[in-house]
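**Student:** The structure's right below; bear with me while I get my questions together.
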Amino acid sequence: MKKLLFVAFILGSTNALFAQNYMTRTGKISFNATSPKSPEKIEAVNNEVASILNSKTGDFVFQLPVKSFKFERELMQQHFNENYMESDKFPKSEFKGKISNLADANLGKDGTYNVTVAGKLSIHGVTNDVSVPGTITVKGKDVTAKAKFTIKMADYKITVPTVVADKVSKEASITIDAALIQK
Amino acid sequence: MLATAFSLSVATTFAQGDADSMMKMLDDEDAAVPKKEDVNFTFKATRLINGSTTESLGAGVLDMRISHRFGKINQGAENFFGIDNANTRIGLDYGITKYLMVGIGHNVLGKENDGFAKVKILQQKTEGMPFSLSFLTGASIQTTKAPTLPTTDMKWYFSNRVCYFNQVLISRKFNDKLSLMLMPSILHNNLVDSTKFDNNTIALGVGGRIKLSKRVAFTGEYYYRFTGTDNNVGSAKTYNSLSLGFDIETGGHVFQLHITNSPGISERIMLGQTTDTWSKGDIHYGFNISRVFTIVKPKEFKKH
């Protein structure tokens, strides 16, 4: 038992000591919810995405202020915040998860790795389990994470008024591009 | 043994709670920076009903506005309760920067051409600045035909057609639902109908909105005049302007539907020539519609 305790202790402390944390506050996440009948492009970019990746454990978190999504059209940005995302009530969207195939990716070595990140995505106050394929590129102290996936608006209780129901896509395709630096 | 169990639990929480502790790190960092965000969307549009709000257009945004006021509701069935008569203002507004917008327009009533500039001086913040303040200045020219003057040596000066208006707009978004605004205003008419009348109309406007749902808000504005209250238009008395309405948002547009005792849309008419009164049922049904175009794209959307 003593041995086990010792092992557990060592494991815990090595984790803490040699944790390889990569971090950014200027990651980029964009989305597109344009439908074939949309009179204009419904897309936005957020350049204030915060993210931390622990390359040893594979833990990966993302967080972004909803109000920092920039639209081409100011009015659309207002409607996005006020009516769709209710950003006063739900100011942040976040993802908490883990690289599920960490064994396939040798993040200690330079290279590009295909990974799957699974965890909990919280948008508009609703949390769902998601699993997202993406790539992680390691180059020295820099890690670039890229992914593209789709979410259903209804899964996050984001409602579209019936008058414009066919002018906004029911799904949003999300693109992540984050450059993290070793801390 | 107890110590063992304790240590084990520490070790396990360490492993499981990593993502949580990383998220907490981000949250803590965020909390350490004082949040001084702009409080946006105090009102849904740059106009409350007849008058302006502290809202500006974004930089590079062109807004085409059509405002319509029907005749008086109490004009009876033969005028279809006012629908048969209408006054319109067609206008173009443009946002030069986030803080400065300009606009021009033409009003059918009084054949007025007007122009204005509105600058946002103070911006309400989540911490610190408790309100937003904008300053609006403008002028309007009546293009009606010059009247026939009693003697031929009298001249009808261009300046007779001109009036000036200035407004300080002070607004506060109290919460998601309630926004209120004060609008100290002055209207200067170069020419009034009689020497007994005041060239200056000084007024204090109060306005606000209450959001009834995510997409519908109840709005109101009232301008109380301190001077110029005895000014007549022809033989008609003038009154303070009171308007009530709804902002209805349908995805891409904001429709403003309202009832008002002001027969026209310009500042000259709203402040100085509101010849109708609620007490007699001289109420006009009206609407504002606007269509925005992005002329200069924000930098995130410029093609490199």
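**Student:** Quick check on my filter: what residues within the stretch A:84-96 are touching a residue at least 24 places away in the same chain (Cβ under 8 Å) and facing chain B (nearest Cβ under 7 Å)?
**Tutor:** Scanning the stretch A:84-96 gives A:Glu94, A:Lys96.
**Student:** Here's another thing I want to ask about it. Out of all the residues in the stretch A:51-102, which are crowded, with 19+ Cβ neighbours inside 10 Å and aromatic (Phe, Trp, Tyr)?
**Tutor:** A:Phe60, A:Phe62, A:Phe69, A:Phe71, A:Phe80, A:Tyr84, A:Phe95
**Student:** Also, I was wondering about something else. Regarding the stretch B:228-241, can at least one residue be identified that is in contact (Cβ under 8 Å) with a residue 40 or more places away in the chain, in a loop (DSSP other than H, G, I, E, B) and at negative phi?
**Tutor:** Scanning the stretch B:228-241 turns up at least one residue that is in contact (Cβ under 8 Å) with a residue 40 or more places away in the chain, in a loop (DSSP other than H, G, I, E, B) and at negative phi.
**Student:** Of (1) open to solvent by less than 20 Å² (accessible area, probe 1.4 Å); (2) farther than 30 Å from B:Asp38 by Cα, B:Gly207 satisfies all except one. Which?
**Tutor:** (2)
**Student:** Now, a different point. Name the residue that is farthest from A:Ser35 (Cα to Cα), counting only residues in the stretch A:129-174 that are within 13 Å of chain B (Cβ to nearest Cβ) and either open to solvent by 40 Å² or more (accessible area, probe 1.4 Å) or under 16 Å from the mean Cα position of the chain (by Cα) (or both).
**Tutor:** A:Lys157
**Student:** Quick one: is B:Ser235 more than 14 Å from chain A (Cβ to nearest Cβ) and exposed (fewer than 15 other Cβ atoms within 10 Å of the Cβ)?
**Tutor:** In short, yes.
**Student:** Could you go through the stretch B:32-39 and let me know if any residue there is loosely packed, with under 15 Cβ neighbours inside 10 Å, within 14 Å of chain A (Cβ to nearest Cβ), more than 17 Å from A:Glu74 (Cβ to Cβ) and modelled with pLDDT of 80 or more.
**Tutor:** Yes: the stretch B:32-39 contains one or more residues that are loosely packed, with under 15 Cβ neighbours inside 10 Å, within 14 Å of chain A (Cβ to nearest Cβ), more than 17 Å from A:Glu74 (Cβ to Cβ) and modelled with pLDDT of 80 or more.
**Student:** Check every one of the strands (runs of 3 or more DSSP E) wholly within the stretch A:103-170 and list those with 1 or more residues that are on the phi > 0 side of the Ramachandran plot.
**Tutor:** In the stretch A:103-170, A:111-123 are the strands (runs of 3 or more DSSP E) which contain 1 or more residues that are on the phi > 0 side of the Ramachandran plot.
**Student:** Anything in the stretch B:74-114 that is in contact with a His (Cβ under 7 Å, 6 or more places away or on another chain) and either assigned to a loop (DSSP other than H, G, I, E, B) or surrounded by fewer than 20 Cβ atoms within 10 Å (Cβ to Cβ) (or both)? List them, or say none.
**Tutor:** Matches in the stretch B:74-114: B:Ala86, B:Thr88, B:Ile90, B:Asn113.
**Student:** Taking the stretch A:40-82 on its own, how many of its residues are within 7 Å of another protein chain (Cβ to nearest Cβ), closer than 13 Å to A:Ile99 by Cβ and either assigned to a helix (DSSP H, G or I) or not aliphatic (A, V, I, L, M) (or both)?
**Tutor:** Within the stretch A:40-82, residues that are within 7 Å of another protein chain (Cβ to nearest Cβ), closer than 13 Å to A:Ile99 by Cβ and either assigned to a helix (DSSP H, G or I) or not aliphatic (A, V, I, L, M) (or both) number 3.
**Student:** Here is a follow-up. Here is a list of conditions, (1) more than 8 Å from chain B (Cβ to nearest Cβ); (2) under 21 Å from B:Lys24 (Cα atoms), and A:Gly111 meets all of them except one; can you say which number that is?
**Tutor:** (2)
The values are calculated or read from the model by the stated rules, or taken from the named source; none is laboratory data. Since this is a predicted model, take the numbers as computed values, not measurements. Cβ atoms come from the backbone with ideal geometry, glycine included; neighbour counts cover every protein chain shown. These accessible areas exclude ligands, DNA and RNA; they are computed on the full protein's heavy atoms, side chains included. Shrake-Rupley method; radii C 1.70, N 1.55, O 1.52, S 1.80 Å.
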